[in-house]
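Have a look at the structure below before the remarks.
The values are calculated or read from the model by the stated rules, or taken from the named source; none is laboratory data. Everything quoted here is computed from the prediction, not taken from an experiment. Neighbour counts run over all protein chains shown; Cβ positions are idealised from the backbone, glycine included.
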Amino acid sequence: MWMDISKSFLYIALELTILFIVVSFIISLLQGVIPYEKIERRLTGKNKAIAASAAVLFAFITPFCSCSTIPIVVNMLKKKMPFGIVMIFLFSSPVLDPTILTIMGVLLGWKVTIIYTLITSVLSIVIGFMLERFGFEKSVKNVVMTGYVETQKKFNIQKSLAETMSLMKSVLPYLLIGAAIGAIIHGLVPTETISYLFGGDKWWLIPLAAIVGIPLYIRLSSMVPISQVLIMKGMALGPVMAMMISSAGASLPEVILLKSIFKKELVLTFVLSVIGMSTIAGFVFYLI
């Protein structure tokens, strides 16, 4: 068992490290090719509805797991984009993946997929603007903004690589800690046990599934086929969807990474918000 956990840790740590480096490097390069102001103009403006819709669309066309979303969030914060828009992207990006949504439609049905997409999109927008309204922007650590100077950046591979390595050094310890904890929990919580505990159609299983989903570190691409198996084994759709959204929206490694850029009150609020979004979505599926 511990051998499997060790292998899982190495796989998760290596995968996250590679993803983080690659995504950070690509984002840095793209800033030199495509002026960030163009994206910013699409995501900002007087009409918040249009800006929020653009943020969800941006999340949809940049389908990353919860951890690889962090470099984009850091860059958005450095560019001083509206905090609410950044939060909308942070909540929606991990749960809106066109490829995975297609698989979800095939395995779980298109009605389920459409409802899932609408719920996660709307709740991401609502939560993002609520966090902005309640002033959580002040909970972004100053280290994120330190040393950033607005300049006209050019396509420079060497400079982009240096920036990527600098960012990676600051978050690597958090990444390894999260990978280790995620691997241990992943190895000690078998699917059969979850199915047994969450079988039936009791309402209280939904918030419980949303909470349990947080530390499981099950990416959306893995959770979709697992959900199909859980449903076949008798697990109700409401708890399954709640667990799917929470595990994809706030994996444990992501929470650890967020501690490097957010203060603890915002990290805690983020986790509670994902649990709330998952619970609401679960109840919607429970009722229909």
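A compact table of results
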| item | result |
| --- | --- |
| Filtered residues of the stretch 249-286 (kept if outside any helix (DSSP H, G or I), within 19 Å of Gly84 (Cβ to Cβ) and more than 12 Å from the chain's Cα centre (by Cα)) | Ile261, Phe262, Lys263 |
| Options Ile114, Ile100, Ile70, Ile125: the member that is in contact with a helix residue (DSSP H, G or I) (Cβ under 7 Å, 6 or more places away or on another chain) and at pLDDT 80 or above | Ile125 |
| Residues of the stretch 227-238 classified as over 17 Å from Gly109 (Cβ atoms) and either under 19 Å from the mean Cα position of the chain (by Cα) or of a type in the set (Lys, Arg) (or both), total | 1 |
| Close pairs from the stretch 63-82: first over 20 Å from Lys138 (Cβ atoms), partner at pLDDT below 80 and acidic (Asp, Glu), Cβ under 7 Å, at least 6 apart | Pro63/Asp97; Ser66/Glu254; Cys67/Glu254 |
| Subset of the stretch 248-288 (residues that are farther than 17 Å from Glu137 by Cα, surrounded by 19 or more Cβ atoms within 10 Å (Cβ to Cβ) and among the small types (Gly, Ala, Ser)) | Ala248, Gly249, Ala250, Ser251, Ser278, Ala281, Gly282 |
| When residues of the stretch 30-66 are limited to those that are at pLDDT 70 or above and buried (at least 19 other Cβ atoms within 10 Å of the Cβ), the one nearest to Leu252 (Cα to Cα) | Ala59 |
